[in-house]
Amino acid sequence: MNTMKNTEQFILPEMNRERNRSRRNTAADCSRFVMPAEAKNLGSGKKYYIRTYGCQANVRDGETMAGMLEQMGFTFTDSVEEADVLIFNTCAVRQAAEDRVFGEIGSLKSVKARHPEQVICLCGCMAQEEVVVEKIIRSYPQVDLVFGTHNLWNMPKLLARVMNKKERTIEVISEEGDLIEEMPVRRSTSSKGYVHIMYGCDKFCTYCIVPYTRGRERSRRQSDIIEEIRQLKAQGTKEAVLLGQNVNAYGKDLAMEDGFTSLLENCAKTGIERIRFYTSHPRDYSVTTIDAMKKYPNIMKSLHLPVQSGSDEILKRMNRGYTSGSYRDLYDEMRSRIPEITFTTDLIVGFPGETDAQFEETLDLVDYCQFDMAYAFVYSPRSGTPAARMEDDIPLAVKKERLQILNDRLSEIANRKNSLYLGRTLKVLCEGPSKKNENVYSGYSEENKLVNFTGPDGLKDQIVEVEITGTHSFSLDGKAL
Ligand code: SF4
């Protein structure tokens, strides 16, 4: 047993409360963040490390936690051994990611034995799952603090309790509570800034855990979002990335008419050089959003629009709320209004009951839409979701074979589409040296193409004109002009 803890305080997640919640279309209240007195200076002379998994929303949450920790006096370290506070900011979308987290926490037992005062925290979507928290309580005594997505703002107070009173603390709230504004932030990249525009999801796709782990849809006030973008612009950040599980639903809870388009236009009017947004849902897409994308040069002409399957029957069982035909119509509308738009998507193969013919329909849709890129995954059941109660009847070998066929098709299309960029000049937002080769820069073009390029010193965080000299399925090569 961990010798550090004197007592324990547990508030456990209740997924049933999320499952049975009413679809309240009322706005969440807003409060302003205040650092609690007991947490001030808690980190003086101490170090923190945060490991973030999953989507950009989690990255943004990790930036908020880093901001709070630094306001408490902690400094960042990239060494797990050296960290006094070690945070696992987790993702629950796939089982494989959860298994990895448990593996990593398991391996920390020996680190903790050498460094018994080290505080290990688990937060993010996994923390909202009952099965995860039960497993932590039962088998991972080295974890000192667990908090959920709805009380991330309360982390300083919880951490103070663990560090000052030596209380093992598990506090996972299953009600969303207020939106907390003016939280500190330590941005992880200087070229672009992630901006939450809303939290949660009300769609309840049958395979997805997010509505249970992130709660109902709550939109931030437009004025708070615009202020965050103005601050990014003032500090020289070139790109604002608007984040939500389903950005097109922005403003519904605030009784706004066509809220996302109105927000997008007002973000564009701040004059920041680039705006992107993730993730869109085909069900809520409004034609006015396409018009705004066309009208404002600083809204990037690239769209990530997850389709998941090309089979109407599978889409129905996924509860996606559209058909393959209506997705194609939306795609056609986009293409006719903005011919240069680049299109990416998400796909799942091997959903329960998916026949060979239904998989072929997905391939047909891929051929029709000619996606620039797609994230394709094998279906993985998530405990507590409706799909987990369906028979997972597609053998793993068949799922893997379908994934291979799909990925081959996607890569062939991506390769062909990327080859059209050879010799063209693209505007690339330089993020710094490439992770794979520090002698070249990497960044994203307006079309959201990953470009690796050579050029003189000092290009980081600049928008650079790059001539494309080579193309691959998932990236382009070039040289700065
Ligand atoms: S839209 Fe569907 S897939 Fe996306 S987060 Fe919501 S429930 Fe999950």
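The values are calculated or read from the model by the stated rules, or taken from the named source; none is laboratory data. Bear in mind the structure is a predicted one, so any value in this text is a computation, not a measurement. Cβ sites come from the backbone with ideal geometry, for glycine too, and all protein chains shown count toward neighbours.
Looking only at residues in segment 198-232 that are among the hydrophobic types (A, V, I, L, M, F, W, C) and in contact with a strand residue (DSSP E or B) (Cβ under 9 Å, 6 or more places away or on another chain), the one that is farthest from the ligand (Cβ to nearest atom) is L232.
Summed over segment 410-469, residues that are basic (K, R) and in contact (Cβ under 8 Å) with a residue 40 or more places away in the chain total 4.
Could you say which residue among N452, N415 is outside the structural domain of T342 (by TED's automatic domain parsing) and out of contact with any helix residue (DSSP H, G or I) (no Cβ under 9 Å at 6 or more places or on another chain)?
Just one listed residue meets the conditions, N452.
Residue pairs whose Cβ atoms lie under 9 Å apart, separated by 6 or more positions or on different chains, with the first residue in segment 188-206 and touching a residue at least 60 places away in the same chain (Cβ under 8 Å) and the second within 9 Å of the ligand (Cβ to nearest atom) and in a strand (DSSP E or B), are C205/Q308.
Residues are listed down the side, and each one gets a yes or a no for (1) assigned to a strand (DSSP E or B); (2) of a type in the set (D, E); (3) buried (at least 19 other Cβ atoms within 10 Å of the Cβ):
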{"residue": "N415", "(1), (2), (3)": "no, no, no"}
{"residue": "L422", "(1), (2), (3)": "no, no, no"}
{"residue": "L426", "(1), (2), (3)": "yes, no, yes"}
{"residue": "E431", "(1), (2), (3)": "yes, yes, yes"}
{"residue": "E438", "(1), (2), (3)": "no, yes, no"}
{"residue": "G443", "(1), (2), (3)": "yes, no, yes"}
{"residue": "V464", "(1), (2), (3)": "yes, no, yes"}
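Look at (1) buried (at least 18 other Cβ atoms within 10 Å of the Cβ); (2) within 14 Å of the ligand (Cβ to nearest atom) and you find that S174 fails only one, number (2). Taken together, the criteria place G215 among residues that are in contact (Cβ under 8 Å) with a residue 24 or more places away in the chain and under 29 Å from E98 (Cα atoms).
Among residues that are of a type in the set (S, T, Y) and touching an Asp or Glu at 6+ places or on another chain (Cβ under 9 Å), S311 is included.
Of the residues V146, V210, which single one is at pLDDT 95 or above and buried (at least 21 other Cβ atoms within 10 Å of the Cβ)?
Just one listed residue meets the conditions, V146.
Restricting segment 371-390 to residues that are among the hydroxyl-bearing types (S, T, Y) and modelled with pLDDT under 95, the residue that is nearest to T206 (Cα to Cα) is T385. Checking every residue in segment 196-206 against the condition of being within 29 Å of G73 (Cβ to Cβ) and among the charged types (D, E, K, R) gives zero matches. Every test in (1) under 18 Å from G244 (Cα atoms); (2) surrounded by fewer than 18 Cβ atoms within 10 Å (Cβ to Cβ); (3) of a type in the set (S, T, N, Q) is passed by S280 save one, and that test is (2).
Any residue that is in contact with a strand residue (DSSP E or B) (Cβ under 9 Å, 6 or more places away or on another chain) and either basic (K, R) or under 30 Å from T261 (Cα atoms) (or both) - is there at least one of those in segment 124-137?
Within segment 124-137, one or more residues are in contact with a strand residue (DSSP E or B) (Cβ under 9 Å, 6 or more places away or on another chain) and either basic (K, R) or under 30 Å from T261 (Cα atoms) (or both).
Counting just the residues of segment 391-400 that are modelled with pLDDT of 95 or more and surrounded by 15 or more Cβ atoms within 10 Å (Cβ to Cβ), which one comes out farthest from M318 (Cα to Cα)? Restricting to residues being modelled with pLDDT of 95 or more and surrounded by 15 or more Cβ atoms within 10 Å (Cβ to Cβ), the top hit is V398.
Looking for something away from the ligand (no atom under 16 Å from the Cβ) and among the basic types (K, R) - is there at least one such residue anywhere in segment 273-291? Looking through segment 273-291, at least one residue is away from the ligand (no atom under 16 Å from the Cβ) and among the basic types (K, R).
Here is the figure for segment 295-318: residues that are of a type in the set (K, R) and within 12 Å of the ligand (Cβ to nearest atom) total 0. Kindly indicate the residue of segment 250-269 that is aliphatic (A, V, I, L, M) and over 20 Å from A28 (Cα atoms) and also surrounded by the most Cβ atoms within 10 Å (Cβ to Cβ) among those meeting that condition. That would be L264. For segment 373-381, state whether one or more residues are of a type in the set (F, W, Y), at negative phi, out of contact with any Phe, Trp or Tyr (no Cβ under 9 Å at 6 or more places or on another chain) and not in a strand (DSSP E or B). Within segment 373-381, none of the residues are of a type in the set (F, W, Y), at negative phi, out of contact with any Phe, Trp or Tyr (no Cβ under 9 Å at 6 or more places or on another chain) and not in a strand (DSSP E or B).
Any chance segment 187-197 includes a residue that's within 16 Å of the ligand (Cβ to nearest atom), more than 20 Å from D346 (Cα to Cα) and either in a strand (DSSP E or B) or out of contact with any helix residue (DSSP H, G or I) (no Cβ under 6 Å at 6 or more places or on another chain) (or both)? Even if it seems obvious, please write down each step before you answer.
At the first step, the residues of segment 187-197 found to be within 16 Å of the ligand (Cβ to nearest atom) are 196-197.
Next, only the ones that are more than 20 Å from D346 (Cα to Cα) stay: 196-197.
Filter once more, keeping what is either in a strand (DSSP E or B) or out of contact with any helix residue (DSSP H, G or I) (no Cβ under 6 Å at 6 or more places or on another chain) (or both): 196.
Within segment 187-197, one or more residues are within 16 Å of the ligand (Cβ to nearest atom), more than 20 Å from D346 (Cα to Cα) and either in a strand (DSSP E or B) or out of contact with any helix residue (DSSP H, G or I) (no Cβ under 6 Å at 6 or more places or on another chain) (or both).
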